[in-house]
Amino acid sequence: MMREDRTAGRRFLGGFGAGLAVAAAVVALPLMLVAAVLLHVPATVRGVVLAVLLVGFGLADLLDRTPHIWRQVPQRFLRELGPGQLGFVWAADLGLLVTTQKTTSLIWIGLAGLVLSTTPMTVLAGVITISVGFGLLVAVATVASYGTLLGEAKYNRRVTFEWTALIRCASGVAAVGLAVLEVVTLV
């Protein structure tokens with residue numbers, strides 16, 4: 001889009017930014033509420049729950065069962081929506097963090113860690129940081145060399161699969177390791 005019509009590309013990015021802001025609010029508010037309630041739960045209990053979740057997510061990654069929802073934004077939106085609307089819908093979907101396919105459980109691990117071990121304001125800061133970072137990466141990739149970074153993907157599926165498996169395995173091992181560290185700190 002940026003190569004063919006820079007104005008449409010800028011409208012897309014504007015809609016994308018607005019969609020990320022809405023998604024961040026939708027994610028942050030309930031997580032902040034849960035974090036506020038959990039502040040009244042003893043730290044040891046929260047630590048045990050976090051350790052159990054870390055083991056569960058780690059094993060899920062190691063067994064190639066990373067939790068995610070199998071659905072996609074309808075392809076017809078590409079034809080039916082204007083650039084700003086399309087950017088908004090795409091970013092709102094991706095910005096919800098938990099509604100898209102995942103390679104690893106890292107986002108789940110990060111959100112669980114934030115909610116179980118910090119304050120509501122830290123949860124808010126974490127969600128905002130994730131959204132802003134993601135938005136900036138998309139904007140840079142879109143604008144760099146007129147969007148060539150996001151152009152037609154030409155890759156070797158075997159190599160991609162091997163990298164994905166390696167990353168998923170590393171995520172699983174890291175999660176289980178963090179669970180052990182969490183248990184050690186509780187003892």
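The values are calculated or read from the model by the stated rules, or taken from the named source; none is laboratory data. Just so it is clear, the structure is predicted and the values come from calculations on it, not from any experiment. Cβ placement follows ideal geometry from the backbone for every residue including glycine, while neighbour counts extend to all protein chains displayed. Note: areas computed on protein heavy atoms with side chains; ligands, DNA, RNA excluded. Shrake-Rupley method; radii C 1.70, N 1.55, O 1.52, S 1.80 Å.
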Solvent exposure of segment 1-126 as accessible area per residue, Å², 1.4 Å probe
55 Å²
Two pseudo-spin positions, 7 Å from Cα along C-beta at L166 and at L33, lie apart in nanometres by 4.3 nm
For the pair T185 and V52, what calculated FRET efficiency results from E = 1/(1 + (r/R0)^6), where r is the Cβ-Cβ distance and R0 = 22 Å, to the nearest 0.05?
0.90
With a point put 7 Å past each Cα toward its Cβ, work out how far R79 is from S117 in nm, to one decimal.
4.9 nm
